[in-house]
1. How large is the convex hull of the Cα atoms of chain B per residue, expressed in Å³ as a whole number?
2. When DSSP beta bridges are limited to those with both residues in the protein assembly as shown, what percentage is antiparallel, rounded to the nearest 5?
3. What share of the DSSP beta bridges in chain B is antiparallel, in percent to the nearest 5?
4. What is the percent of Cα-Cα separations in the protein assembly as shown that go past 36 Å?
5. Can you tell me, using C-alpha contacts under 8 Å and at least 6 residues apart, the relative contact order of chain A as a whole percent?
6. Counting only the backbone N, which residues of the range B:195-218 are under 12 Å from the spot 7 Å out from the Cα of residue B:481 toward its beta-carbon?
7. When you count, for each residue, the other Cβ atoms within 10 Å and take the mean per peptide, how do B:407-419, B:212-224 rank with the highest first?
8. Multiply the residue gap between residue A:24 and residue A:90 by 0.36 nm, knock off their C-alpha separation, and tell me the result in nm, one decimal place.
């Protein structure tokens, strides 16, 4: 491009801006369509970044965000002095790392299975059945779990009936908490998450399957050598994003599935932030410090995951 | 090219202006709140049967108000005759905002911080929220009442003086910002003030297992009764039987608060030094009893899953619980029993109320302090709105106004006889206050300007059977008698008003949840002690700085 514009080196910033301007004007219709998205992003994603300065201030509502006095790292010192904070970080990482291992692959497997279902009608019905739980709120799922896994729930009734066992307190036993989190997450979100992989699969050239079939490949071989490599970029992107969310996410689920008996293995960072922000004294600066810390860790995890996948596979999320 | 530049510049300018506007904290540029603007029509005269002598003509105003007791979805403006009477008498339109009980403090605090609070609100004042209140006052986020308010609204001032907290805060803040609402005014049952929280006991089951029906039990006595109920199942309830049904919060009150006065806070010991109540011996003793009840199946094995008031359901609605530990307000004692009879079919006498005592045989509690919830005003409230609400409170604090908050309209539902005593004009069993559709006046209660709460009138309310009022008096009395100054402690205002970042952080500990966790995770009593000691150790980072502050 630079050569075509008559310059031998890199174009100067002035020329690049001019070129961008021309491009915008030329494609003004398209840019106009993008505008609401940009405005939305600016208002709800970029402007609130100013709010992070709250982490370094003692927030005074009357003085506003900019007028509140600067107190440096005092909020962070207080954050790290609270033993529950470090514990919540450990819990968050532990639970979400498990999610990556046990929950993340399931939608991929489900999408591969859906792809192998040949009858269109059955496929649609199955897909609807698997997608439905996504539309239930975690509050409802929490109540369902009490009916299913409570000491007087369905599972215990069956166990007692079949084996004569004493009721097991599934929901009150810390050891069962993580498995319950993963199982409910799989039950609720797998069908919905599989849609993205199904979309990626539909983009794979069908000629590859036909050629493989002619060559005598088995179904498993086609999945392994055609489908999986075909959706690999999608898997990588979603994996990197999931790693970038290791320190957050899952609040609704864990808040509704946890109880006093399991709280010590369940208080993730978001729940800690909720507790200190709203259950105790209202201290927005303290909460902002915790949230900023979380965001920084999330960013580092995302960059690390991106770098590692680039090393291994040559492709990543960021340029 | 020029046009593009212009466009880009305009966009950037608009973007920055919008951004700054979004981040700005000032209210100066905002128009005045419309809700506070008096309309220029419909001047109304207070009705003559209102009982006060003022003949003020009011201009119509709109008053926004918030507290958890606002009935959600109920239109107070067209609702029932009592709300219409109040709204017409004081000529205002009522915009009530309900806040969920669990979100009360944080929702109101968020509105206050955003400088968007309603004209009038009830602040959930307590030692845990005092730091926030103090912060709001310092920042001018709450209206300071005019210095002459006590002479302008003398009835309110009289009530205010009995709350203890009001005058204490006035000294602290150098003016009045909050008007605490008095639990009791004419009928204060003791000082320090006992809580109404009581044992709900199935008296018929207690008698059936051969134990004495009393109006007070120690924790071990109740555990023994519950054990017998579990063994003998006197009600033939079967698998659904819950000898003791309590959620995590009420379990903590039952086993810890009833045995260890300062279990969830700091206190000054006999050596004059402050200590942490959670580390006290009687707290551990209560914890052991809790573990004993849980591990032997006397306590509901899934107490930690019970939602708020589900424990009440097992006792009152299903009739499968032997013991619960719940509210025992005088005003509700009769209603609880009527509901119990309606739902379960058992006689009301099977529903016993009793005081819970610690293992030492004493009643344990910290002074409840004679208030619940404090009225506060927006700093931007229009003078007319502020004065109107104060006038309303003055009326509800008057002899003719305060019975109406519980008994309805004077001359229709109640009146005073020649001796000045309150007499009821409604047939026995009439439900005056309660749910929409059931009660005659769903608006009755604390919402419409009440500063003397229901606890007080309940002792004089002829609509509540005399025997229940006497029972309540007896419960309050024995709590004041079966105690020591240490077990039923007066409020330590130095501690109550202590307001530092360290204490604020320490108050973030959720004791109900933490202790429930220890009990449910312990494998044996020895393991419980180990877990408890480890927990105490882990909290030192939050606790020690507070103790250092208090003791130095």
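Where a number appears in this text, it was derived from the coordinates with a stated rule and is not lab data. Source: prediction; values computed, not measured. Cβ coordinates were reconstructed from backbone atoms using ideal geometry, including for glycine residues, and neighbour counts include every protein chain displayed.
1. Details: hull volume 115.5 nm³, N = 552.
Dividing the Cα hull volume of chain B by its residues yields 209 Å³.
2. Values: 22 of 41 bridges.
Taking every DSSP beta bridge within the protein assembly as shown, about 55 percent pair in antiparallel fashion.
3. On the way: 21 of 40 bridges.
Approximately 50 percent, going by the DSSP bridge assignments.
4. On the way: 224956 of 378885 pairs.
Here the tail beyond 36 Å accounts for 59 percent of pairs.
5. Values: 285 pairs, mean separation 76.5, N = 319.
Reported relative contact order: 24 percent.
6. Inside the label zone: B:215-216.
7. Ranked by mean Cβ neighbours within 10 Å, highest first: B:212-224, B:407-419.
8. On the way: separation 66, 0.36 × 66 = 23.76 nm, distance 4.73 nm.
Length gained between residue A:24 and residue A:90: 19.0 nm.
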